[in-house]
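All remarks here apply to the structure that follows.
Rule-based calculations on the coordinates, nothing more; no lab input. Note that the structure is a prediction, hence the values are computed from the model and not measured. Neighbour counts are summed over all protein chains in view; Cβ atoms, including those assigned to glycine, are modelled from backbone coordinates with ideal geometry.
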Amino acid sequence: MDPVKEAKLEKILEQVQKPSRYTGGEMNTAVKPKEKAEVSFAFCFPDTYEIGMSHLGMKILCHIINKLPWAVCERVFTPWVDMSALMRQEGVELFSLESRSPVREFDIVGFTLMYEMSFTNILEMLSLAGIPLRGADRGEKDPIVVAGGPCAYNPEPLAKFIDAFMIGDGEEVIQEVCEVIREHKRRGTSRQEVLRALSRLEGVYVPSLYTAEYHDDGTLKSLTPLEEGVPATVRRRVVTDLDGAEYPDTLPVPFTEIVFDRITLEIMRGCTRGCRFCQAGMIYRPVRERSVKTLLKQAEALEKSTGYEEISLSSLSSGDYTCLKELIESLMERFEDRRVSVSLPSMRIDNIVKQSLEETKRVKKSGLTLAPEAGTQRLRDVINTGVTEEDLTRAVTDAFECGWSHVKLYFMSGLPTETDEDLMGIGELNKKVINAYFAVPKEKRGKDLRITTSVSVFVPKPFTPFQWAPQDSLETVKAKQDVLKKALGMKYVRYNWHDGELSYLEACVARGDRRMGDVIEAAWRLGCRFDGWNEHFRYDLWMRAFEDCGLDGDFYALRERPLDETLPWDHIDAGVTKEYLKREWEKAVGGKTTRDCRKGCNACGLQRWKGACPQYENAGRV
Ligand code: SF4
């Protein structure tokens, strides 16, 4: 950044909330001279510093790029509204935290797509950086804009803004993308040539090399490559050896409070349970575990370099980790005298092990969060959670016996086939949790029972068996919330509900096609930013954006899609096949469950890829 702008920035920092969001310089920050690197990568998280710095994927990928001797990676977060207003007023462009370099001077600008409601922040960041919003308007001097993360599995809503999407696990493909840029910089080839070369990488989708056609009724007719050599289908990347995959041995320690301020160990990736609403459970398949030895080594290194007092074991379903008991015992043994606690944030109800509760409370009692998801067994079978009422009663009884007294319960409303009886069932389950607490002797249980029950609105997502399902209309959402208010009006229970409007928009964008990009841009131009933040969410502006673009949100969110409709993400091969998802959708409607595929392969599609699924390769062939 030039000295005049630097001086302006210093002045701005005196006027904004939480200036440490923008200063960098945290302990353990990787500092590599940007000017000496052959390839520079601005890693952009389209939300605040506090949210982005809690994100594990960003830390892993920045570490991997910075390990390349010829590349440098620096971090960028969305400036909060006070900061962006002052930056625009003073003519200060978006800059990176490490070297305060203007983002538009990096070779690659990469966004991580964690949730749909951060998409307007991507446009905000591009605009603040002075990079043309649309790929088609970028010139030879502009960076290549890439994106990855779970929302990249349906890349179409952002197709106009992103030059290349990385689909699947990022550890390997991000290095390959950097290598392509390095090679082309050396040769001085054109932007178009670079994009072509990127499209040849497995797992990379370059949307400008494809064209979309629509039927008269607005549904997608086809999405086809524009030239020879561009793959018709883009196959997602899978890291098969997770234990050997790169993992940071140090982390920047923020000065300011962030959402998750602790060491995170990713103990495994993927989930075999097959919950039908869960996109993560489908797109991160197969299950791959890290060994206890590797995890202990990582924990040691991270504890030493950061001084954190909490280690969180992260995965989609930590209780399914094969050596959980051994891992917890080893961690407790090694860190107890240093007052380091171990937390297990994503435990399924049916595999909460009493011993794990005992072990984790020895140092510090962490909160207990359980997700029954639906109120009746019938609906839990429809969504295939495999969780029973007995599992819930046992889990809360164990927790109360270990001294817990605060429990958080998560449910969804609007799931396919749901009736009022299922909603009333949520109330019934809460009563059972209260009864379980009072059944535990007073001297064992903790004081002051508190149950926080949150009910979110179901959002159908791509690459799930519910990708064809309609979402509830806003009127239905409101009516169901009234039923729930009555069902949950009881002592000890606090009922939290989510706004239907936000979930409606999430459903529109999640299953959107290329035309949705116009709506996102129109919404941003009308002033939408930080849509995931209640205080900034402007449903009225989004509705105006839909109207201005001549599109109807209901077409995307509320319509049940016929099984033979071409879906905007059909050209992405996520591993799970459409045939498998259809089978699961039909079984769901019929109330039939599907086994956990650790008990035998369900032929989800991964078995087509040689060596990709260890369960299938080792034992699961049926
Ligand atoms: S291939 Fe079979 S075992 Fe592997 S994730 Fe799919 S269903 Fe499970």
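Quick one: which of 20-30, 182-192 comes out on top by average Cβ neighbours within 10 Å, and what's the full order, highest first?
Packing order, densest peptide first, comes out as 20-30, 182-192.
Multiply the residue separation of VAL259 and GLN192 by 0.36 nm, subtract the distance between their alpha-carbon atoms, and state the gained length in nm to one decimal.
20.1 nm
Please list 3J(HN,Hα) in residue order for the stretch 291-304, calculated via the Karplus relation 6.51 cos²θ - 1.76 cosθ + 1.60 where θ = phi - 60°; whole Hz, with x for glycine and proline.
Working through the residues one at a time gives 6, 4, 4, 4, 5, 5, 5, 5, 4, 4, 5, 6, 5, 5 Hz.
How far apart, in nm, are two points set 7 Å out from the Cα along the Cα-to-Cβ line at THR224 and at THR417?
3.9 nm
Compute the semi-axes of the equivalent ellipsoid of the stretch 407-450, taking the square root of 5 times each eigenvalue of the Cα gyration tensor, and list them largest first in whole Å.
28, 10, 6
Would you mind telling me the antiparallel percentage of the DSSP bridges in the chain, rounded to 5?
Once the DSSP bridges in the chain are tallied, antiparallel ones form about 20 percent.
Would you grab the residues whose amide H sits under 5 Å from the one on HIS498? Only those 5+ places off in sequence or on another chain, please, with H modelled 1.01 Å from N.
Under 5 Å from the amide H of HIS498: VAL455, VAL457.
First select every other residue whose beta carbon is under 13 angstrom from the beta carbon of ARG538; then total the charges, Lys and Arg +1, Asp and Glu -1.
That works out to -2.
Expressed as a rounded percentage, what relative contact order does the chain have, with Cα pairs under 8 Å and six or more residues apart?
14 percent
Show me, for the stretch 481-493, the HN-Hα J-couplings you get by feeding each phi into the Karplus relation (A = 6.51, B = -1.76, C = 1.60, θ = phi - 60°), rounded to Hz, glycine and proline as x.
With the stated coefficients, the stretch 481-493 comes to 5, 5, 4, 5, 4, 5, 5, 9, x, 9, 4, 6, 10 Hz.
Please report the net charge: other residues with Cβ closer than 13 Å to the Cβ of LYS34, K and R +1, D and E -1.
Net of charged neighbours comes to -2.
For the modelled label position 7 Å from the Cα of VAL4 along Cα-to-Cβ, which residues of the stretch 75-93 have backbone nitrogen atoms closer than 15 Å?
90-93
Taking the Cα centre of the chain as origin, work out the dipole magnitude from +1 charges on Lys and Arg Cβ and -1 charges on Asp and Glu Cβ, in debye rounded to 20.
Here the size comes out at about 1380 debye.
Residue-wise, which Karplus ³J(HN,Hα) couplings in Hz belong to the stretch 277-290, taking 6.51 cos²θ - 1.76 cosθ + 1.60, θ = phi - 60°, and x for glycine or proline?
Working through the residues one at a time gives 8, 9, 5, 4, x, 8, 8, 9, 4, x, 6, 10, 10, 8 Hz.
Show the residues, 5+ positions off or on another chain, whose built amide H is closer than 5 Å to the amide H of GLY168.
GLY149, ARG237
Are there any GluC sites (Glu not before Pro) in the stretch 417-455 that are in a DSSP loop and have at most 16 other Cβ atoms within 10 Å? List them by number.
GLU443
Sort 99-110, 7-18 for me by packing, meaning the mean count of neighbouring Cβ atoms within 10 Å per residue, highest on top.
By packing density, highest mean first, the sequence is 99-110, 7-18.
Rounded to the nearest 0.05, what FRET efficiency do THR476 and LYS610 give with R0 = 56 Å and r taken as the Cβ-Cβ distance? Could you check?
Plugging the Cβ-Cβ distance into 1/(1 + (r/R0)^6) gives 0.75.
Can you give me the long-range amide H partners of SER341? Hydrogens built in the peptide plane at 1.01 Å from N, cutoff under 5 Å, separation of 5 or more residues or another chain.
GLU310, ILE311
Taking the simple approach of a point 7 Å from Cα along Cα-to-Cβ for both GLU579 and GLU213, what is their distance in nm?
The answer from the label model is 2.7 nm.
With the Cα gyration tensor of the stretch 3-155 giving a ≥ b ≥ c as the square roots of its eigenvalues, does the rule (a/c under 1.5 for rounded; else a/b larger than b/c for prolate; else oblate) give rounded, prolate or oblate?
rounded
Suppose the chain between ARG88 and ASN496 were pulled fully straight at 0.36 nm per residue; how much longer would it get relative to their current alpha carbon spacing?
Full extension of this stretch gives 143.1 nm more.
Sorted by average packing, counted as other Cβ atoms within 10 angstrom per residue and highest first, what order do 285-297, 444-456, 73-85 take?
Going from most to least packed, we get 73-85, 285-297, 444-456.
Would you calculate, for the chain, the mean residue ellipticity at 222 nm contributed by helices, counting each DSSP H stretch of 4 or more residues as -39,500 (n - 2.57) and dividing by all residues, to the nearest 500?
-11000 deg cm²/dmol
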